Every structure is written in structure tokens, then in C-alpha cells.
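Enquirer: Got a structure for you, questions after.
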Amino acid sequence: MEKILFLEGKFSEKIWGGARLKTEYAYPIPSDKTGEYWAISGMEGASSVVTNGDFKGESLRDIYRNHKDLFGNSKEENFPLLVKIIDAADDLSIQVHPDDEMAARLENSKGKTECWYILNEEDASIVFGLKVKSKEEAIKLIDERKWTDLLREVPTQKGDFFFVRAGTVHAIKKDSLILEIQQASDITYRLYDYDRKDADGNLRQLHLEKSKEVIKIIKEEGQIQKISQQGYEERILTENEYFEVREFKFKSEGVFKRAKPYLLESVIEGAGEIEIDGEVYPLKKGDFFIITNFAKDYKITGKLTIIEANPMEV
């Protein structure tokens, strides 16, 4: 069975999208309003497609459902995580996602906890949480439309990491380029959208009542752990109940034994190669792949940065 699955994702055009997925990664974007690249996805209607080996041309969604042994015989019915790149040429709406309990009750869906790894070189910012200390105070300011008093804006730089637990009010702002890793859910509630109009002159739909219901006042969580190894530097970015995320900056090489049932890999900088049980595959910026449960030992060589994720529940 396959030990590595290279993937081709799906693009999504957005009112706030841009063209950096073409200029930064040479992707064949559909237009200069391309906001997202769903790189590792098993989502219905937007699944990644495998580009190598025996499963070439098949969707990750189908492979995950029909070949669970590749993924450690996971008990999850559908692929549990979604990895995407977001190009924000303009501000995204102020939004919030429900947790598992609320998403099941309101939408018959899983919730959406996510995290952001900042890719943009230029100055940018995000909305990350609220300035207030209670939900009651937050709802009062929402009703009064006092957004400046409510929203906490944070400057960002390349390599920054933010864990965005469900219930956190947030927004990606103009000029941001972000790698997002999240629960495989597309439930988003818009709280505010700057009174923008769509191409037909209509205000975009808001979800005020649902937003107010799911909002939580959440403290920042966790400390990033740095680990220096010979040939590379590693940072543990998050270990939460849904997923683990690590950053690997390779200076020469790193040798690994696969310790998780399967691993999601995003090459965000540089080039090199990966050798798995004697087979060698080239790697470059913009590549996304999965190391499956059939891989044992692997070695990554070159000067490149990889963000690695794995689900906590299999």
C-alpha cells in the first residue's frame, strides 16, 4: 500500500481574495479573486485529489473512507482535518465558529476549532478575541455596533502562530497570507462585515443571533515549545484535543520514525526531498502530502520549512 500521498487541492474565489497563490506558489488559480486553496481536504464537493501512485486521480475523501488501513484504521467516518492557504487581499468578515456541542445542535455538524500559521512577509494584522471580560458586555457592544471598543486587533509577522478555539471572535485582515489547519467543518457565522456589498449590490448575510449564542470569552492557550535537533529546529505549536501542529525548519536533514497513524505535511518554504523506506520523492514550496500508516522510517533532506499536523482522535 502507498506510504505517501501527494495531493492537489481545490481553489475558492472570494470577495476578499487576491492573486498571491499564483505569485507565491505558482498555482493555476481561477482568477485574481482567489481567496483559498483547500490543499488537504476530504470535504464533500471539495476533496483533494491524489497525484501519485496507485491512487492517482482518486479523491482523498474516497480513499479515506475505503482504505482506513492507510490512516491507522481511524474511527472517524470522514477525514477529520482541513488544511488550507488563505490569501486576504482585503479584510475578511468578523466571524465566530461554534464548538462541537453547538454545531451539532444548530447545524447537525462538527464544530470548527482552527489555528493560523502566518506566511506573509509584509505587515498585517488579525482580529483575535475581544477586549471585554464577559459575554454580556460583548453582546451589549455588538448591539450598539461599537466594534472598536469590542474587537482586539493584533499585528502579525511571518512565523507567528495563533490557536483559534471555537467560540473565539476573529478575522483575517488585509495583506495576510495564512496556513490554516482546522477541524473539517465549514460552519462560519458572520458577526460583522463592514457593511460591504456583494457584486449585485447586496449586503452580505450576517448571523447575529447565532454568533451571539456561540461567542466565548477565551484566554490565550498554551506555550510554544522549541526543540533543537541536529540538522533541524522543531517547534510544537499546539497540542489540543483536536490536533497537533509542529513546525520543522530543516538546515540539512532530519531522520524520523513515524509515531502517529498518519501525518499531514505542508511545505511552506524551500526545497528538498523525502526518503521513505528507500523511495525518494522531491519536495518544494507549495507541496502538500500525507505520510500514511504504511510508512515506517523517513528522512527529509534540504533547506525547507514544513508544518506538520495530525488529528488527535483516530
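The values are calculated or read from the model by the stated rules, or taken from the named source; none is laboratory data. Given the structure is predicted, the values throughout are model-derived calculations rather than measurements. Every residue, glycine among them, receives a Cβ derived from its backbone with ideal geometry; neighbour counts consider all protein chains shown. Note: accessible area is taken over every heavy atom of the protein model, side chains too, but ligands, DNA and RNA are not part of it. Shrake-Rupley method; radii C 1.70, N 1.55, O 1.52, S 1.80 Å.
Enquirer: Is it the case that residue 156 is among the β-branched types (Val, Ile, Thr), farther than 29 Å from residue 79 by Cα and at pLDDT 95 or above?
Expert: So residue 156 passes the test.
For every residue, the table says whether it meets (1) modelled with pLDDT of 95 or more; (2) open to solvent by 90 Å² or more (accessible area, probe 1.4 Å); (3) in a loop (DSSP other than H, G, I, E, B).
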{"residue": "216", "(1), (2), (3)": "yes, no, yes"}
{"residue": "226", "(1), (2), (3)": "no, yes, no"}
{"residue": "234", "(1), (2), (3)": "yes, no, no"}
{"residue": "238", "(1), (2), (3)": "yes, no, no"}
{"residue": "245", "(1), (2), (3)": "yes, no, no"}
{"residue": "254", "(1), (2), (3)": "yes, no, no"}
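Enquirer: Output the residue which, of all residues in the stretch 14-32 that are of a type in the set (A, V, I, L, M) and crowded, with 18+ Cβ neighbours inside 10 Å, is nearest to residue 121 (Cα to Cα).
Expert: Among them, the one singled out is 21.
Enquirer: Checking the condition within 26 Å of residue 198 (Cα to Cα), among the acidic types (Asp, Glu) and either surrounded by fewer than 21 Cβ atoms within 10 Å (Cβ to Cβ) or in the same structural domain as residue 289 (by the TED database) (or both), which residue from 8, 107, 77 passes?
Expert: Going through 8, 107, 77 in turn, the sole match is 107.
Enquirer: Test residue 91 against the criterion of being surrounded by fewer than 20 Cβ atoms within 10 Å (Cβ to Cβ) and within 27 Å of residue 212 (Cβ to Cβ), and give yes or no.
Expert: yes
Enquirer: Continuing with the same structure: For residues that are more than 22 Å from the chain's Cα centre (by Cα) and either polar (S, T, N, Q) or in a strand (DSSP E or B) (or both), tally how many sit in the stretch 194-214.
Expert: 4
Enquirer: Also, quick follow-up: Tally up the residues in the stretch 214-235 that are among the small types (Gly, Ala, Ser) and under 24 Å from residue 111 (Cβ atoms), please.
Expert: 1
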